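The values are calculated or read from the model by the stated rules, or taken from the named source; none is laboratory data. This one's a predicted model, so the numbers in the text were calculated from it and none came from an experiment. Note that we place each Cβ from the backbone using ideal geometry, even for glycine, and neighbour counts take in every protein chain shown.
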Amino acid sequence: MTSYTIPIVETENLILRAPQEGDLPAMTEFFASDRSRMVGGPKTPLEAWRSLLGRFGHWAIMGYGGWHIVEKASGAFAGWTGIINAPGWDEPELGWVIFEGFEGKGIAFEAATAARAYAARHQGVNGPISYIAHENNRSRALAERLGATYEREGEVVGKRCQVWRHPKLDISDTALTTERTGQ
């Protein structure tokens, strides 16, 4: 059996941590909404459960994956971010989801910045792509704010999208994030 650890990454306002069973109600609610169509939804409660479980499998198989975002001030589960490289992906992707009610606070930017930095420094993923649905103006604006540039048209899980390329980071910059090990 392969052993793995999902690291905890802390930023000024957020904690990126391993998924937890208690996150399932918020995930189920998100995946039941039309908002989730940008990331493969809507999904049934069972499919939301499988999504939760798949996050652990991704870390176990790939050595990297997605974190769940916790807002420090409220302690609330606000969404997720991290590196995805599943069958059908061209290469590792930096992805993000922020739940309704948490937009406009800079959470997506702060979380995606931390996840991208951690992946570059510790997981050998530097300069990932992001798949962005054509109609997802908010994600496109975030990609631009993160310094990503439009690279080409693409497709993931049978859906046409845009492929945005993130800049390679100077991984010698020790001020990128604070990390600690934990589950």
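Filtered by the rule that a residue be of a type in the set (Ser, Thr, Tyr) and farther than 26 Å from Pro7 by Cα, the range 117-172 gives Thr149, Tyr150. Selection within the range 16-36: residues that are part of a loop (DSSP other than H, G, I, E, B) and surrounded by fewer than 18 Cβ atoms within 10 Å (Cβ to Cβ). The member of this set that is nearest to the chain's Cα centre (by Cα) is Gln20. Assessment of the range 6-15 against the conditions (without any contact (Cβ under 8 Å) to a residue 60 or more places away in the chain, of a type outside the set (Lys, Arg) and assigned to a loop (DSSP other than H, G, I, E, B)) yields no matching residue.
Taken together, the residues in the range 115-156 that are surrounded by 12 or more Cβ atoms within 10 Å (Cβ to Cβ), out of contact with any strand residue (DSSP E or B) (no Cβ under 9 Å at 6 or more places or on another chain) and closer than 18 Å to Asn85 by Cβ amount to 2. Gly75 meets the conditions (1) out of contact with any Asp or Glu (no Cβ under 9 Å at 6 or more places or on another chain); (2) under 29 Å from Arg152 (Cβ atoms); (3) not aliphatic (A, V, I, L, M) in every case but one. The failed one is (2). Applying a threshold of 6 Å to beta carbon distances and a minimum spacing of six or more residues, or different chains, the list of pairs starting in the range 53-69 at a residue that is closer than 17 Å to Pro128 by Cβ and ending at one that is acidic (Asp, Glu) and modelled with pLDDT of 95 or more is empty. Any residue in the range 78-88 that is under 24 Å from Arg140 (Cα atoms), buried (at least 21 other Cβ atoms within 10 Å of the Cβ), at pLDDT 95 or above and among the polar types (S, T, N, Q)? Checking the range 78-88: at least one residue is under 24 Å from Arg140 (Cα atoms), buried (at least 21 other Cβ atoms within 10 Å of the Cβ), at pLDDT 95 or above and among the polar types (S, T, N, Q).
Would you say Arg50 is surrounded by fewer than 18 Cβ atoms within 10 Å (Cβ to Cβ) and under 22 Å from Phe109 (Cα atoms)? It is false that Arg50 is surrounded by fewer than 18 Cβ atoms within 10 Å (Cβ to Cβ) and under 22 Å from Phe109 (Cα atoms). Residue check, Val39 against (1) crowded, with 18+ Cβ neighbours inside 10 Å; (2) modelled with pLDDT of 95 or more, all met but one. Which one? Of everything listed in (1) crowded, with 18+ Cβ neighbours inside 10 Å; (2) modelled with pLDDT of 95 or more, Val39 misses just condition (2). Restricted to strands (runs of 3 or more DSSP E) entirely inside the range 56-170, those with at least 1 residues that are more than 29 Å from Pro25 (Cβ to Cβ) and either in contact with a Ser or Thr (Cβ under 7 Å, 6 or more places away or on another chain) or not charged (D, E, K, R) (or both) are 129-132, 149-156, 159-165.
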